[in-house]
1. Can you spot a residue in the stretch 120-130 that is in contact with an Asp or Glu (Cβ under 8 Å, 6 or more places away or on another chain) and in a helix (DSSP H, G or I)?
2. In this structure, is residue 170 in a helix (DSSP H, G or I), buried (at least 21 other Cβ atoms within 10 Å of the Cβ) and of a type outside the set (Ser, Thr, Tyr)?
3. Condition check: acidic (Asp, Glu), in contact with a strand residue (DSSP E or B) (Cβ under 9 Å, 6 or more places away or on another chain), surrounded by 18 or more Cβ atoms within 10 Å (Cβ to Cβ) and farther than 23 Å from residue 149 by Cα. Does residue 38 satisfy that?
4. Scanning the stretch 1-31 for residues that are of a type in the set (Gly, Ala, Ser) and more than 17 Å from residue 77 (Cβ to Cβ), which turns out most open to solvent (accessible area, probe 1.4 Å)?
5. I'd like the residue in the stretch 1-35 that is basic (Lys, Arg) and at pLDDT 95 or above and, out of all such residues, is nearest to residue 143 (Cα to Cα).
6. Let me confirm something: among 42, 38, which residue is over 24 Å from residue 104 (Cβ atoms), part of a helix (DSSP H, G or I), of a type outside the set (A, V, I, L, M, F, W, C) and modelled with pLDDT of 95 or more?
7. Taking the condition of being modelled with pLDDT of 95 or more, open to solvent by less than 30 Å² (accessible area, probe 1.4 Å) and not in a loop (DSSP other than H, G, I, E, B), how many residues in the stretch 80-114 meet it?
Amino acid sequence: MTIALQERLDAQITFAMEIDKLKRVIRRNTLIDGSRRENDAEHSWHLGMMAMVMAEHAPPGTDLDRVVAMLLIHDIVEIDAGDTFIYDTVAVEHQAAREQAAADRIFGMLPEDQCTRLRALWDEFEERRTREARFAKALDRLAPILANHHNEGGSWVLNKVTARQVLEKVEIIAEGSPALGEFATRLIEESVASGHLAP
């Protein structure tokens with residue numbers, strides 16, 4: 001192996017070891033059965049699987065491989081920035097700056113070509129300018145609604161979240177997939193009716 005190839009492999013191994021830390025980032029949401037809180041690595045894997053099985057609900061022409069790639073990397077920045085609870089207005093205010101700095105550091109560990117490619121995917125997800133990014137973001141917003149609906153309100157109840165707050169997030173889901181937006185709205189209505197989400 002040449003020195004250049006060894007250095008490239010060393011950088012890739014360093015990155016692989018660093019992203020193992022994603023398994024230690026605990027999210028506010030629980031597993032669907034409510035047994036415990038999920039970690040970021042589990043969340044990312046689950047979204048990637050959801051993208052594959054719900055691909056037919058994506059806009060026509062969506063590049064599913066790019067969607068799955070975005071979902072696998074979208075929360076890597078939380079190794080440094082931590083999980084920001086979407087309904088915590090104070091934390092959300094400074095989220096972008098924390099995550100940009102984390103993206104610079106973490107993706108910067110990779111060889112230049114891979115850093116550029118993965119960072120571009122992460123930026124695309126954050127900016128939601130493409131149909132792939134909008135579909136990926138829709139799934140990211142749908143997953144906690146799905147979990148909270150099935151575990152008697154979960155983090156909604158613990159944090160006194162209201163239906164109005166959750167419905168605001170459905171706009172992003174509908175933007176990426178009208179069918180999933182309608183489904184999310186129905187779950188919210190059912191959660192309110194069952195008393196698991198405040199009106």
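The values are calculated or read from the model by the stated rules, or taken from the named source; none is laboratory data. Just so you know, these numbers come straight off a predicted model, no measurement behind them. Neighbour counts run over all protein chains shown; Cβ positions are idealised from the backbone, glycine included. We work out accessible area using only protein heavy atoms, side chains counted, and drop any ligands, DNA or RNA first. Shrake-Rupley method; radii C 1.70, N 1.55, O 1.52, S 1.80 Å.
1. Looking through the stretch 120-130, at least one residue is in contact with an Asp or Glu (Cβ under 8 Å, 6 or more places away or on another chain) and in a helix (DSSP H, G or I).
2. yes
3. No: the conditions fail for residue 38.
4. 4
5. Going through the qualifying residues, I end up with 27.
6. Within the list 42, 38, the selection yields 42.
7. Of the residues in the stretch 80-114, 6 are modelled with pLDDT of 95 or more, open to solvent by less than 30 Å² (accessible area, probe 1.4 Å) and not in a loop (DSSP other than H, G, I, E, B).
Residues are listed down the side, and each one gets a yes or a no for (1) open to solvent by 40 Å² or more (accessible area, probe 1.4 Å); (2) of a type in the set (Val, Ile, Thr):
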{"residue": "159", "(1), (2)": "yes, no"}
{"residue": "162", "(1), (2)": "no, yes"}
{"residue": "166", "(1), (2)": "no, yes"}
{"residue": "177", "(1), (2)": "no, no"}
{"residue": "182", "(1), (2)": "yes, no"}
{"residue": "192", "(1), (2)": "yes, yes"}
{"residue": "197", "(1), (2)": "no, no"}
